[in-house]
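Engineer: Encoded as structure tokens, here's the structure I'll be asking about.
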Amino acid sequence: MTEPAQAKTPSRPVWARRLKVARWRGIRQIDHLEVVKHVHEEGGLTGRYLFMTVMSCGIAILGLLLSSPAVIIGAMLISPLMGPIMLMGFSLSILELAALREAIVSLAIGTALALATSFLIVFLSPLTDVTSEILARTRPNFFDLLVAVFSGLAGGYAVIHRKGETIVGVAIATALMPPLAVTGYGLATAQFHIAGGAFFLYMTNLLAIALSVTVLSRFYGFGERHSPRHTMWQTGLIVTVFIGLSIPLGLALRDIAYETRVRDVTRDIVLEPFAGADARLSDFDVSFPRRGPARITVQATVLTSERVPGADVRLSERLTERFSRPVAVSIDQIFVDDSNVTETARFLQAAETSLGAPLRAQMSQFEALAVERRTQRELRAAFPFQLAAAEIDPPARRAVFAAAVTEGVSFAGWRRLEEGLRRNYADWEITVVPPPGDLPLVRFAPGEDTLAPDAAALVADIGWALARWSAGRADIIALQPNALAAQVFDERAIGYRRAGAVAEILAEAGIETTIAGEFRRAVAGEDPVTDSLVIRPRISE
């Protein structure tokens with residue numbers, strides 16, 4: 001009698017069996033106990049670890065302040081952070097809680113020490129400007145998470161196989177030490193949005209690297225004797241952390257992609273309102289709100305042969321329609337006459353085709369002269385008011401504009417004009433000389449001897465004007481209630497204290513001052529004694 005055929009169990013695919021065999025052979029070649037012992041030795045809290053943490057963070061923050069990638073890479077070469085992170089990853093894999101506590105303590109103390117080092121260096125440094133290297137570590141995104149994952153996998157592989165640990169340690173330190181140094185920078189300069197973004201990047205990289213090491217070590221058989229419950233616990237922890245990190249970092253990457261698209265589209269269509277005019281884009285900037293649906297701001301400088309009224313309004317409507325959110329546009333139009341340069345270009349083209357090399361060399365010199373003259377015309381055209389005189393020296397890259405008397409323009413307006421011209425022509429030394437005239441009264445609140453913010457700004461503008469007039473000295477006259485008070489004028493008088501406050505601001509502009517009291521009869525409806533000071537430029541003898 002024939003026995004009934006037994007049901008065949010489905011066999012695994014060939015590739016799965018081969019993968020299992022290869023994995024088993026690779027695991028059997030690994031000395032698990034030796035690897036764990038090595039990780040314990042490298043991940044503990046030692047004097048060497050603390051010293052190298054301080055040195056690495058010190059070099060990193062100096063490289064960030066100097067915006068020097070080479071210096072930052074030098075800091076990565078000596079960073080000791082790989083040891084505790086490897087210990088954390090392996091301790092999670094083999095579920096050794098004592099080792100996990102040791103790794104957390106080492107990382108916590110190293111983190112605090114690095115923050116203190118970077119904070120102290122930035123606090124004492126005269127260089128505290130935000131550099132491109134600092135900004136690059138303040139806005140983490142999903143790509144940073146991938147860098148951390150790949151670094152962790154490479155680090156785990158190098159530790160397990162005991163090959164290339166130093167090189168991989170540089171990659172891990174690259175993901176950790178610069179963000180930590182930037183966090184200290186943000187705290188030292190009270191720029192907490194920078195500190196927050198950098199610390200989030202640091203914690204993201206730290207967790208991603210440690211958990212990647214855990215995953216790789218489990219693949220190589222570390223912790224295989226654990227129960228299925230422990231395995232499920234590890235898997236749930238790793239998946240939860242990675243999902244929790246991926247969501248905000250993915251959203252950040254989406255925002256960066258959106259901002260890049262807005263900049264590209266805006267750059268492509270910013271000259272649409274100038275169709276038919278010979279116009280070109282000189283300067284361009286797009287700023288985005290940090291949070292919420294606030295409007296995007298676009299600022300552009302356009303060199304044009306014909307002014308186009310309402311260009312910023314039309315561009316704003318176009319961009320608002322394109323991006324379905326409010327866009328504020330500000331366009332500075334600088335009039336430029338390029339007719340002479342165009343004729344020069346045509347002549348140079350003729351020289352290129354028919355007259356040969358000698359004449360082309362001469363034409364190149366002529367072209368440089370034409371560009372120089374065009375720059376002079378651009379500078380003159382950029383000054384929007386009538387000029388009393390102008391001196392432009394192209395070889396020295398220096399220009400002085402003496403403004404004619406213009407109704408309605410204050411010293412603050414002339415000063416802002418000078419600052420704007422210097423921004424648009426950064427390689428030029430541009431000076432605007434305001435038209436001569438009476439200086440405005442400096443007013444105080446009744447009974448007060450300190451300047452209000454608007455009054456302090458007025459005094460600073462007056463000091464700027466005196467410096468532009470080359471008036472190095474001035475008299476400050478405090479108006480007194482009567483002739484007797486003017487004769488008894490010392491530190492006890494409120495007018496003297498007020499004049500001293502004004503003198504301090506003028507001194508910052510390089511103006512020497514003399515303080516005096518003067519009797520003034522009050523005008524009906526106004527008491528000049530309680531609220532006014534007079535500044536007079538002193539005429540040189």
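The values are calculated or read from the model by the stated rules, or taken from the named source; none is laboratory data. Fair warning: this is a prediction, and the values are worked out from it, not measured in the lab. Every residue, glycine among them, receives a Cβ derived from its backbone with ideal geometry; neighbour counts consider all protein chains shown. Areas reflect the complete protein model, heavy atoms only, side chains present, ligands, DNA and RNA absent. Shrake-Rupley method; radii C 1.70, N 1.55, O 1.52, S 1.80 Å.
Engineer: Pick from G83, G58: which is assigned to a helix (DSSP H, G or I), of a type outside the set (D, E) and either open to solvent by less than 10 Å² (accessible area, probe 1.4 Å) or more than 18 Å from S217 (Cβ to Cβ) (or both)? Can you show your working first?
Structural biologist: Values: G83 fails: either open to solvent by less than 10 Å² (accessible area, probe 1.4 Å) or more than 18 Å from S217 (Cβ to Cβ) (or both).
The match here is G58.
Engineer: Follow-up. Got at least one residue in segment 72-80 being outside any helix (DSSP H, G or I), at pLDDT 85 or above and not small (G, A, S)? First the steps, then the outcome.
Structural biologist: So the first thing to find is which residues in segment 72-80 are outside any helix (DSSP H, G or I), and the list is 78-80.
Filter again for at pLDDT 85 or above, leaving 80.
Filter again for not small (G, A, S), leaving 80.
Yes, segment 72-80 contains a residue that is outside any helix (DSSP H, G or I), at pLDDT 85 or above and not small (G, A, S).
Engineer: Looking at segment 438-467 only, could you name the residues that are open to solvent by 60 Å² or more (accessible area, probe 1.4 Å) and either modelled with pLDDT of 85 or more or within 20 Å of S410 (Cβ to Cβ) (or both)?
Structural biologist: Of everything in segment 438-467, those that are open to solvent by 60 Å² or more (accessible area, probe 1.4 Å) and either modelled with pLDDT of 85 or more or within 20 Å of S410 (Cβ to Cβ) (or both) turn out to be D438, L441, R443, P453, D454.
Engineer: Find the residue count for segment 394-443, including only residues that are within 27 Å of L533 (Cα to Cα) and β-branched (V, I, T).
Structural biologist: Selection size over segment 394-443: 6.
Engineer: Could you count how many residues in segment 387-426 are over 34 Å from the mean Cα position of the chain (by Cα) and either farther than 28 Å from D454 by Cα or open to solvent by less than 50 Å² (accessible area, probe 1.4 Å) (or both)? Before the answer, list the steps.
Structural biologist: Of the residues in segment 387-426, the ones over 34 Å from the mean Cα position of the chain (by Cα) are 387-391, 402-408.
Those still in the list that are either farther than 28 Å from D454 by Cα or open to solvent by less than 50 Å² (accessible area, probe 1.4 Å) (or both) too: 387-391, 402-404, 406.
Of the residues in that region, 9 qualify.
Engineer: A follow-up question, please. Name the single residue, out of those in segment 392-408 being out of contact with any Phe, Trp or Tyr (no Cβ under 8 Å at 6 or more places or on another chain) and among the hydrophobic types (A, V, I, L, M, F, W, C), that is nearest to D427 (Cα to Cα). It would help to see each step written out before you state the result.
Structural biologist: Quick first cut of segment 392-408, residues out of contact with any Phe, Trp or Tyr (no Cβ under 8 Å at 6 or more places or on another chain) only: 392-396, 400, 402, 405, 407-408.
Next cut, among the hydrophobic types (A, V, I, L, M, F, W, C) only: 392, 396, 400, 402, 405.
On the way: I392: 14, A396: 10, V400: 14, A402: 20, V405: 28 Å.
Ranking the qualifying residues of segment 392-408, first place goes to A396.
Engineer: Can you pull out the residues in segment 490-519 that are modelled with pLDDT of 85 or more and surrounded by 16 or more Cβ atoms within 10 Å (Cβ to Cβ)?
Structural biologist: Across segment 490-519, the qualifying residues are A501, V502, A503, I505, L506, A509, I511, T513.
Engineer: Related question: Can you tell which of L113, L45 is part of a helix (DSSP H, G or I) and surrounded by fewer than 24 Cβ atoms within 10 Å (Cβ to Cβ)?
Structural biologist: Among L113, L45, only L113 is part of a helix (DSSP H, G or I) and surrounded by fewer than 24 Cβ atoms within 10 Å (Cβ to Cβ).
Engineer: Suppose we filter H32, H40 for residues that are under 43 Å from the mean Cα position of the chain (by Cα) and at pLDDT below 85; which single one remains?
Structural biologist: H40
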